[in-house]
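Reviewing the structure listed below.
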Amino acid sequence: METLRIDHISKKYGRQLILDDVSFQLAPGKIYGLLGQNGAGKSTLLNIMTGRVFPTSGTVSLGELGTNDQDQVLGAMYLMSEASLYPKRTTIRRMFDLADGAYGDFDYQNAERLLQAFGIDSGTQLSKLSTGLQTAAKLTVALNVNASYILLDEPVLGLDANHRDIFYKELIKTYQNKPRTFVISTHLIDEIQQLVEHVIILADQHVIANAAVQEMLAQAYTVTGPGELVNQYVAGLRVLSSDQLGKIKTAYVYDHLNDQRVIPDQVKIGHYDLQQLFIRLTNGGSSNE
């Protein structure tokens, strides 16, 4: 597998700028989270990467394969999205055949096993399933298709808790058995925090964060105590936001803390999770000078 590179992608619809000079790389054999608020351009970006939408500028390349080798580049990627590109009467079994015809070596046996877990018959037409079971059927294809990069746009749309649990377990299983790169774009950040290794966050048409999850969380601190002491401690640090209840203040810091920064007796240092970090980053953070 080769590294997939997204270089300086911009997209405009008329005068509306959706993506502005977006660049990042996807390494082989990793699970990524692609995060952003509604309208941040996540789906547009995934559609550009897989050739469903043309960028205004920028390129998508795979290893040594560039713009002159688009068929080979696109052949390495599979996008599962909310949009249904199948004819109305397409059965689940026919979806398997289409994936096998396009990518080869579709895992029919595992796909049938997964359909049973979701309670779906392969002879059923996709359009006759509920929203959640349509999602489950499309996930079954995505987890068994022979592509190096699997892009999942809102992969748990309409799934109940039991079916989401099946999906997460099956994703881990297929990733371990046949390492590929997965990109998960979802709003359920708390559910994927333990799955994803690396996060890319889109906001204001740009990439505002692109780092390993553990690296990001290692900089995510809560500083709680009397307001004046908290203000003194976080001076010069990047404070994304703060809450205050009476005289007690909590500052949400996204920065490195060194041992030379003395912690006052009444101040407590804690951590916050990826979802809270996402919320505060996309709501705009500032430096506390």
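Specify whether the C-alpha gyration tensor of the range 51-110 places it in the rounded, prolate or oblate class, a ≥ b ≥ c being the square roots of the eigenvalues: rounded for a/c under 1.5, otherwise prolate if a/b is larger than b/c and oblate if not.
On the way: a/c = 3.19, a/b = 1.66, b/c = 1.93.
It is oblate, given that a/c is not under 1.5 and a/b is not larger than b/c.
Under 5 Å from the amide H of A76 lies no amide H of any residue 5 or more positions distant or on a separate chain, with H modelled from the backbone and absent for Pro and chain starts.
Remark: the range 241-254, residue by residue, has Karplus-estimated 3J(HN,Hα) of 6, 8, 10, 9, 10, x, 8, 8, 10, 10, 9, 9, 9, 10 Hz, where x stands for each Gly or Pro and the curve is 6.51 cos²θ - 1.76 cosθ + 1.60 at θ = phi - 60°.
Accessible surface area normalised per residue over the chain is 50 Å², counting heavy atoms of protein chains with a 1.4 Å rolling probe. Rounded to the nearest whole Hz, the Karplus-based 3J(HN,Hα) values (6.51 cos²θ - 1.76 cosθ + 1.60, θ = phi - 60°) of the range 166-175 follow the sequence 4, 4, 4, 5, 5, 4, 4, 5, 5, 5, with x at glycine and proline.
A dipole drawn for the chain from +1 and -1 charges on Cβ atoms has a positive end, and of G132, Q244, H187 the residue lying farthest that way is G132.
How would the range 10-70 be classified by its alpha-carbon gyration tensor: rounded, prolate or oblate, with rounded meaning a/c under 1.5 and the a/b versus b/c comparison settling the rest? Walk me through the numbers before you get to the answer.
Numbers: a/c = 2.29, a/b = 1.23, b/c = 1.85.
Judged from the Cα gyration tensor, the range 10-70 comes out oblate (a/c at least 1.5, b/c at or above a/b).
Proximity of backbone amide H atoms, modeled 1.01 Å from N, is registered between G36 and L202 at under 5 Å, excluding neighbours fewer than 5 places apart on the same chain. For the chain, give the magnitude of the charge dipole about the Cα centre (Cβ charges: +1 Lys/Arg, -1 Asp/Glu; no others), in debye to the nearest 20. With Lys and Arg at +1 and Asp and Glu at -1, about 620 debye.
Dipole magnitude for the range 110-251: computed about the Cα centre from +1 point charges on Lys and Arg Cβ and -1 point charges on Asp and Glu Cβ, it is near 200 debye.
What Kirkwood hydrodynamic radius, in Å, does the range 211-289 give when the mean of 1/r is taken over all pairs of distinct Cα atoms and then inverted? Walk me through the numbers on the way to the answer.
Working: mean 1/r = 0.0793 Å⁻¹.
Across the range 211-289, the inverse of the average 1/r is 12.6 Å.
Treating r as the C-beta distance of V53 and Q232 and R0 as 35 Å, the FRET efficiency rounds to 0.10. Put the Cα centre of the range 12-43 next to the Cα centre of the range 182-230 and the gap is 16 Å. Among the trypsin sites (Lys or Arg not before Pro) within the range 29-91, those in coil by DSSP and having at most 15 neighbouring Cβ atoms inside 10 Å are R52, K88, R89.
In terms of distances greater than 20 angstrom between alpha carbons, the cross-link table entries K247/K268; K128/K169; K12/K138 yield K128/K169; K12/K138.
Comparing D69, D273, D255 in a Gaussian network model of the chain (Cα springs below 10 Å), the most mobile by mean-square fluctuation is D69. Size of the chain: Rg and Dmax of its alpha carbons, in Å, are 21.7, 68. Subtracting the Cα-Cα distance of S127 and L98 from 0.36 nm times their residue separation leaves 8.8 nm of extension gain.
Once you order the gyration tensor axes a ≥ b ≥ c over the Cα atoms, which shape class does the range 81-174 get: rounded for a/c under 1.5, otherwise prolate or oblate by comparing a/b with b/c? Since a/c stays below 1.5, the shape of the range 81-174 is classed as rounded.
How large is the convex hull of the C-alpha atoms of the range 198-238 per residue, in Å³?
Values: hull volume 3.7 nm³, N = 41.
So the per-residue hull volume is 91 Å³.
Projected area of the range 123-229, taken from the Cα convex hull and averaged over every viewing direction, in nm²? Walk me through the intermediate numbers first.
Working: hull surface 41.6 nm².
The number I arrive at for the range 123-229 is 10.4 nm².
Farthest towards the positive end of the charge dipole of the range 19-81, among the residues L65, Y78, G33, is the Cα of G33, using unit charges on the Cβ of Lys, Arg, Asp and Glu. For the range 22-32, putting each phi into the Karplus relation 6.51 cos²θ - 1.76 cosθ + 1.60 with θ = phi - 60° gives couplings of 8, 9, 5, 10, 10, 7, x, x, 9, 10, 10 Hz, in residue order, rounded to whole numbers and with x for Gly and Pro. For the chain, with all protein chains in place and a probe radius of 1.4 Å, 45% of the accessible heavy-atom surface sits on carbon or sulfur.
The values are calculated or read from the model by the stated rules, or taken from the named source; none is laboratory data. Predicted model, so just to flag it, every value in this text is computed and none were measured. Cβ coordinates were reconstructed from backbone atoms using ideal geometry, including for glycine residues, and neighbour counts include every protein chain displayed. Please note that ligands, DNA and RNA were not included when accessible areas were found on the heavy atoms of the full protein model with its side chains. Shrake-Rupley method; radii C 1.70, N 1.55, O 1.52, S 1.80 Å.
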